[in-house]
């Protein structure tokens with residue numbers, strides 16, 4: 001049949017053969033277009049990740065300067081008193097300044113001194129204060145301490161400030177560059193892993209700012225969201241799918257749930273402001289309110305996903321259970337729910353991931369704020385990861401740009417691990433019929 | 001499900017009542033996004049060097065701050081609000097209506113508003129009148145006479161032949177911003193007043209006068225770039241033909257990328273703003289609710305931290321962040337007011 005010579009002119013086969021090449025070409029074109037779409041989206045993703053990582057990886061390293069601090073009791077105005085109040089009130093900034101002056105004895109003029117003090121972060125004073133408060137036996141001794149460098153010096157070391165520009169056009173002055181070079185020569189300056197970034201709360205000094213406060217805020221908020229929206233969402237889904245009669249009322253509820261899933265998140269923020277803060281009088285800026293608002297937001301997503309999971313359980317399972325005399329409740333809880341749970345969990349985790357990235361509703365309830373102390377529970381004021389990113393992106397200091405990208409990386413890592421968990425759970429428990 | 005909702009509401013009510021009964025142990029601050037970078041530095045310093053908790057600061061804008069601040073007395077309301085302008089009579093009355101009778105006003109210093117462009121382009125030299133003519137919605141007819149026409153100027157050269165022949169393109173803050181208010185009042189109105197017959201209108205019809213002087217054009221020459229000043233700086237870098245409007249602290253931090261235009265012959269520099277020579281600068285304030293002093297721990301101590309020379313003085317740490325300090329005598333007055341919690345009368 002395939003032999004061309006035997007095909008009769010005008011037959012179906014001839015017509016098929018005539019446009020065969022065209023049909024193959026059409027398929028090839030479609031495949032190429034599909035592939036191109038994937039390549040383009042991967043390229044954009046790569047571009048996004050590439051730009052964030054190349055901008056942000058630097059923030060995981062911070063420049064430190066080694067200082068030789070003499071904790072001389074007479075310099076510290078102790079008068080023999082070692083109580084915590086006295087230790088707390090010591091002028092530790094003065095100690096740092098004196099050390100710097102000893103390192104560079106040639107600096108005499110007032111203006112020059114100010115420039116010299118600007119090389120070290122003012123976090124150095126806080127660091128010394130903490131050291132002495134925790135170990136009062138340090139007093140009277142000489143200690144080598146690594147303190148964070150000022151953010152401008154950090155930017156210089158990392159090459160983000162061009163030292164060849166005219167002096168008036170950069171924030172680090174010629175003299176400061178000379179001091180930094182001198183410190184570098186004697187090995188008193190080095191880049192270290194930036195643990196502060198993972199252990200500190202927010203700060204206005206980039207070198208002291210950390211993501212820990214925002215991370216805890218996000219975790220508390222998400223715990224509340226998960227704790228409320230998962231049981232409520234699943235219960236609502238089970239009732240609607242397995243028990244509720246089909247009538248106008250349940251139709252109405254179903255339509256409204258679908259509508260709620262599409263409502264812009266800022267509206268939930270306004271609702272939260274009106275209900276939880278203005279009516280119930282809960283304080284502003286706390287993860288409890290944030291969690292409640294995000295619960296409202298994720299609830300429809302979870303209900304819809306859970307209902308889809310329940311629907312995918314074949315009716316034969318229900319019929320078999322009912323057939324051997326199980327009650328409806330037993331049918332649902334012993335047979336249907338275990339089969340639907342992986343799908344429900346996936347839905348919940350995707351809803352959580354969505355809640356994690358949300359800023360707009362948190363704006364309305366005051367979680368967009370400057371909060372230094374790390375929240376210890378869900379009643380302490382807190383921010384969340386995306387809010388921290390927003391706040392840093394808006395800060396004038398150059399070094400915060402790096403921190404912003406690094407915070408995005410932390411948020412992405414959090415998101416990716418949550419999505420991975422969703423995939424793993426599905427792989428582990430999923431059943432196919 | 002309905003049952004569950006009622007249970008939830010009940011639990012919430014219980015949580016709520018127990019929450020309000022607990023007093024707050026940190027100072028709550030709201031207000032201007034312009035004062036935010038300064039107040040946060042003070043708050044952090046305060047939190048790290050005293051036994052008090054670090055105050056919480058929300059950036060809500062000056063107007064939003066007064067709204068929250070004046071809502072009432074009690075721990076659920078903020079203790080302090082920051083403002084990039086003075087409290088308005090209407091806001092003061094609102095405060096009084098809600099029982100916030102005693103307010104302490106503290107001026108913290110000055111902020112200059114810079115009109116800047118990329119370092120790749122030539123530095124602009126503008127007068128306030130030129131700014132008004134370039135950016136107002138309606139301007140006096142260039143042909144003469146005392147009539148207003150829709151702003152016809154397309155390039156800077158059309159405004160003044162000494163200026164470069166590039167398209168008028170200015171990126172600036174949206175109407176919710178205090179920076180925008182101050183820009184309209186100081187730069188636009190400042191230039192508007194230079195035109196004799198419009199100035200004469202102020203006495204006759206104040207509303208019309210304000211409308212002429214404060215309305216920015218909407219035909220694309222003035223672009224609202226959002227409250228993010230960093231974004232404006234980045235856009236200026238990418239487009240050397242555009243100008244941007246933002247606070248002095250951003251100019252100070254980005255002096256390698258952008259340059260401030262000379263306004264009436266004065267450059268936006270620290271000394272010029274401090275001496276009051278630079279025409280577009282404004283005072284910054286914060287307001288304290290006296291009724292909360294003693295109820296919320298740390299308010300007086302926070303005031304003391306703010307009003308000390310090591311903070312807002314000529315060499316204080318706020319100057320490193322771009323705040324322009326007040327003259328010593330003025331600082332002293334406000335420090336005394338703050339210490340004595342002097343009540344604001346309006």
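The values are calculated or read from the model by the stated rules, or taken from the named source; none is laboratory data. Since the structure is predicted, the reported quantities are computational estimates derived from the model, not experimental observations. FYI the Cβ positions are ideal-geometry reconstructions off the backbone, even for glycines, and counts take in every protein chain you see.
Being in contact (Cβ under 8 Å) with a residue 60 or more places away in the chain and closer than 22 Å to residue B:304 by Cα is the filter; apply it to the stretch B:54-76 and report the residue that is surrounded by the most Cβ atoms within 10 Å (Cβ to Cβ). Per the stated criteria, the residue is B:69.
Of the residues making up the stretch A:318-354, just one is over 30 Å from residue A:218 (Cα atoms) and within 33 Å of the chain's Cα centre (by Cα), namely A:339.
Out of (1) over 29 Å from residue B:230 (Cβ atoms); (2) within 14 Å of another protein chain (Cβ to nearest Cβ), the odd one out for residue A:363 is which? Only one criterion is unmet by residue A:363, namely (1).
Is there a residue in the stretch A:337-355 that is free of Cβ contacts under 8 Å to residues at least 40 places away in the same chain and assigned to a helix (DSSP H, G or I)? Yes: the stretch A:337-355 contains one or more residues that are free of Cβ contacts under 8 Å to residues at least 40 places away in the same chain and assigned to a helix (DSSP H, G or I). Restricting to the stretch A:5-46, name every residue that is more than 54 Å from the chain's Cα centre (by Cα) and in a helix (DSSP H, G or I). Result: A:5, A:6, A:12, A:13, A:14, A:15, A:16, A:17, A:18. It is to be established whether one or more residues within the stretch B:162-172 are surrounded by 14 or more Cβ atoms within 10 Å (Cβ to Cβ) and farther than 15 Å from residue B:117 by Cα. Among the residues of the stretch B:162-172, not one is surrounded by 14 or more Cβ atoms within 10 Å (Cβ to Cβ) and farther than 15 Å from residue B:117 by Cα, which makes the answer no. When the stretch B:229-263 is filtered for residues that are out of contact with any helix residue (DSSP H, G or I) (no Cβ under 7 Å at 6 or more places or on another chain), under 24 Å from residue B:284 (Cβ atoms) and at pLDDT below 90, the ones remaining, listed by number, are B:231, B:232, B:251, B:252, B:253.
Of all residues in the stretch A:108-148 being assigned to a loop (DSSP other than H, G, I, E, B) and away from chain B (no Cβ under 14 Å), which is farthest from residue A:91 (Cα to Cα)? For the stretch A:108-148, the residue satisfying everything is A:108.
Of the helices (runs of 4 or more DSSP H) lying entirely inside the stretch A:161-271, those containing at least 1 residues that are crowded, with 19+ Cβ neighbours inside 10 Å and more than 14 Å from chain B (Cβ to nearest Cβ) span A:174-185, A:196-199, A:212-238. How many residues does the stretch A:368-386 hold that are closer than 10 Å to residue A:217 by Cα and more than 9 Å from chain B (Cβ to nearest Cβ)? Residues flagged as closer than 10 Å to residue A:217 by Cα and more than 9 Å from chain B (Cβ to nearest Cβ) within the stretch A:368-386 amount to 9.
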